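Note sheet for the following structure.
None of the figures in this text is laboratory data; all of them are computed from the coordinates on show. Just so you know, these numbers come straight off a predicted model, no measurement behind them.
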């Protein structure tokens, strides 16, 4: 029996990536970074609980920050922090204003 303990915690950098998702994160960050339309861009990442969404997101942010462009505004917003629709909408727009 393998004595290694597996925990359900997200990784923080691509160096921690043991599931080979860093390439996907790099490609996604490249698409975001090279987006040149005047329209805003919204990216959603969906998947089952524990499928690695947070880890991928952290690697995407890491790659975007590495290629920082002063014209790029990256806004982090987690809708799970709010208990009702009114609070969620208010906090979303407050986050946008602050950015």
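A few remarks follow.
- Among (1) 1.20; (2) 1.27; (3) 1.54, the entry that matches Cα Rg over 2.2 N^0.38 Å as calculated here: (2)
- Highest GNM mean-square fluctuation among 89, 56, 73, for the chain modelled with Cα contacts below 10 Å: 89.
- To the nearest ten degrees, helix 85-98 and the longest principal axis of the Cα atoms of the chain are 80 degrees apart.
- To the nearest ten degrees, helix 22-33 and the longest principal axis of the Cα atoms of the chain are 10 degrees apart.
- Based on Cα contacts under 8 Å between residues 6+ apart, the stretch 7-68 shows a relative contact order of 52 percent.
- Relative to the longest principal axis of the Cα atoms of the chain, the long axis of helix 53-66 lies at roughly 60 degrees.
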